[in-house]
1. Tell me the angle of helix 79-91 to the major Cα principal axis of the chain, expressed in degrees between 0 and 90 and rounded to the nearest ten.
2. Ranked highest first by the average count of other Cβ atoms within 10 Å around their residues, in what order do 43-56, 120-133, 81-94 fall?
3. Based only on the alpha carbon positions, what is the Kirkwood hydrodynamic radius of region 176-352, in angstrom?
4. Tell me, in nm to one decimal, what length is gained between residue 18 and residue 208 on full extension, where the rule is 0.36 nm per residue of separation less the Cα-Cα distance?
5. Starting from the 7 Å offset along Cα-to-Cβ, what nm value, one decimal, do you get for the label separation of residue 64 and residue 346?
6. How many percent of DSSP beta bridges within the chain run antiparallel, rounded to 5?
7. What is the Cα centroid distance between region 244-290 and region 98-133, reported in whole angstrom?
8. Round to a whole angstrom and tell me the spacing of the C-alpha centers of region 30-88 and region 148-197.
């Protein structure tokens, strides 16, 4: 078993990675929590696959498990669904000594995490990510949130889990598109770190290679993210590096209105932002082609017609990470060498119009 420890000023927790861990959930949670009620939260895609299995092993370990299911999809990241889940927990008499487990992908982790953070002002929380995107990114770092209208993740909290349990075997039930989507975040992270991680990425040339190397890809991604989070838990400094590819990516994802997955938008956004910086002679020549090649190798999109829309620039200018009239754009001077350029909001359109597409 691979263990990555996240040590923060007020909390320490482990991320456990090994094939077959779902069957060990009962004993792993029992080491962390005393007997209590557990709200096991999943969407209606994951629940039929794994919820009964996890409930059985938790029950055998002495926990009282209540299974809650919501409709799969980004639309469920809402205050309405959050309230419905809280209402069910209240009806089942959950109290501050109980806990929430998120069993599913990124939407489940965000929603159940905010549920744990806000129910009775905060109860215990464990992440069990089942998608590649969640296993390599969103399950670690404590970000929980729901959307409001068309604004992603605008209502949320930093709320770290007590434990993260990752079983790469759950990836076998993903569609190829869902598997590959998560790889978008992996390439982003490997490009930030460079070194052996990027060398591993250079050997991934098909979706099957992702499955083969899934445990190592998760471990390396989480190790890098954990190191950044430990240095800057609330995103006031170096944690901003994790936004690489997201500034334009989030804008395109929002405008796509569900037609693009998050990891696909990150792929597009990463290539777009590096095109800008390479054309501005602020990045090593050829770096954009390297990134484009690694995304394309597994079938991720690297451009989109929406990049030519003026609405992209409007979305970027109004990004929620805009601070004091400036937007910090993350880029690479070379693989493994990230940098941040602060651009005044009023200048962002002219800066990005250097080119955001081929």
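No value in this document is a laboratory result; all are computed from the given coordinates. Computed from a predicted structure; not experimentally measured. Note: ideal-geometry Cβ built from the backbone for every residue, glycine included; neighbour counts use all protein chains shown.
1. Result, in degrees: 10.
2. Output ranking for 43-56, 120-133, 81-94: 120-133, 43-56, 81-94.
3. 16.3 Å
4. Computed gain between residue 18 and residue 208 is 66.6 nm.
5. Label-label distance for residue 64 and residue 346, simple model: 6.1 nm.
6. Numbers: 21 of 44 bridges.
In the chain, approximately 50 percent of DSSP beta bridges are antiparallel ones.
7. Taking the Cα centre of each part, region 244-290 and region 98-133 sit 29 Å apart.
8. After rounding, the separation between the Cα centres reads 20 Å.
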